[in-house]
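Working notes, structure below.
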């Protein structure tokens, strides 16, 4: 196969790779594909113009042709340095080599300016200056190419290997063509293509473009894999977040349901027949002996039921309101137990507007009465007082019944703790010793 047959084959192969890259550029809209397209166009234009028939058709000759022959490959290398940085991320990964790339690009611009001056601005040709600058620049580019390949070998990823192999093919082809150019001053297009000085660099460029295209494809696949993994991670995180949110909502719903059950049990405990029987017995004895106290007893009993009904749908109530309710509730207990039960309240006025869950004090006072001996000989003493650090303490002396008929399930106490947890408040502190039972509740602002 002669060189004049090889030349259009080479051009066709480069155009095919170029068109494939243009499609990828349009598809992905990335700067690297634009640089790759410019790089191929520079080489393609250079080798098309080298065809004598094309030069005659375009009227290119003399100084213009000398300028193109010297500067067009250098402009291709100028684009190559930008493409290499975009391909490998040299600015971040190999900043030293990146700086040398920048210096070389400035050197190329100075070289182009020199050749422009020699070719177009001088009346007489300085062929020696032209040839010397051209040879020196090609030798520098060969040496710098070897240096760049050695530095890029430090990068161990697959994309860098594609780039190194491609650049090495171009380097070998360019050096071979440069040597053949010195040995063969002129050649005929009818010679076998392997005998032509331009063939090695053309083969090197083809192999380079193939490696670069494979590297870009690999790079794009890796980016797709990373994007897919990232999407999966985001989907898993979103799924985990939604599951946790659902669990939190279910937990809050469960706590609200437990609160409603506690309030309903409190209401039922006041409406059960045993409580009503005791209350009515107390009322009956008062009506005959002490009508005024009987009337007060009815008022307090109405206050108890009214408060329970009014606070059923509220999560918080003021401490002052809760204490008023406890006064009414304690009045009913005192009417029944007389001196067997004592209540001491010592709450500073500044804390009366603080908040607590409704019926909390009622549950604690009722539990104290339910699980302890209540008699005039051994009175049950209940104390309610505040501390300086915004906490409310409920304390009672501990005198367990010999046979506790009411088995403690601690549901009331557990639900009080659950209320504070749901409200995002500090956990109440429960302490029991041999002589007393103490629970300390945080007061909510």
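Any read-out appearing in this document is the output of simple, stated calculations on the displayed coordinates, not a laboratory observation. For clarity, every value in this text was computed on a predicted model and none was experimentally measured. All Cβ positions, glycine included, derive from the backbone under ideal geometry; neighbour counts span all protein chains shown.
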On C-alpha positions alone, give me the angle between the axis of helix 62-88 and the longest principal axis of the chain, in degrees, nearest 10. 20
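Can you give the extra length, in nm with one decimal, that the chain gains between residue 31 and residue 48 once fully stretched, where that is 0.36 nm per residue apart less the Cα-Cα distance? Walk me through the numbers on the way to the answer.
Working: separation 17, 0.36 × 17 = 6.12 nm, distance 2.58 nm.
Working it through step by step, the gained length comes to 3.5 nm.
If you build the Cα gyration tensor of segment 34-101 and take the root of 5 times each eigenvalue, what three semi-axes come out, in whole angstrom, biggest first? Please list the in-between numbers first.
Values: eigenvalues 201, 29, 6 Å².
Whole-Å semi-axes of the equivalent ellipsoid: 32, 12, 6.
Two-decimal Rg/Rh of segment 272-442 from alpha-carbon positions, Kirkwood Rh? Please list the in-between numbers first.
Details: Rg = 16.4 Å, Rh = 17.1 Å.
That ratio equals 0.96.
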Acute angle (nearest 10 degrees) that the helix 291-310 long axis makes with the longest principal axis of the chain, alpha-carbon atoms: 10
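Using a Förster distance of 35 Å, how high is the FRET efficiency between residue 122 and residue 227, based on the Cβ-Cβ distance and rounded to 0.05?
On the way: r = 56 Å, r/R0 = 1.60.
E between residue 122 and residue 227, to the nearest 0.05, is 0.05.
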Packing-based ranking, highest mean first, of 110-119, 67-76 given that Cβ atoms within 10 Å are counted: 67-76, 110-119
Linear extension gain, residue 5 paired with residue 179, 0.36 nm per residue minus alpha-carbon span: 60.3 nm
Can you give the FRET efficiency for residue 436 and residue 246, using 1/(1 + (r/R0)^6), R0 = 41 Å, r = Cβ-Cβ distance, to the nearest 0.05? 0.40
To the nearest 10 degrees, how steep is helix 95-116 against the longest Cα principal axis of the chain, on a 0 to 90 scale? 40
Which of the peptides 214-227, 362-375 is most tightly packed, and how do the rest follow, judged by the mean count of other Cβ atoms within 10 Å per residue? 362-375, 214-227
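Please work out how much length the chain gains when fully extended from residue 257 to residue 110, using 0.36 nm per residue of separation minus the C-alpha to C-alpha distance, in nm with one decimal. Write out the running numbers ahead of the final one.
Working: separation 147, 0.36 × 147 = 52.92 nm, distance 8.23 nm.
Stretched fully, the residue 257-residue 110 segment lengthens by 44.7 nm.
With all pairs of different alpha carbon atoms counted, what Kirkwood hydrodynamic radius in Å does segment 3-238 show?
Details: mean 1/r = 0.0516 Å⁻¹.
For segment 3-238, the Kirkwood estimate is 19.4 Å.
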Work out Dmax and Rg for the chain from the C-alpha atoms and quote the Rg first, both in angstrom. 47.7, 142
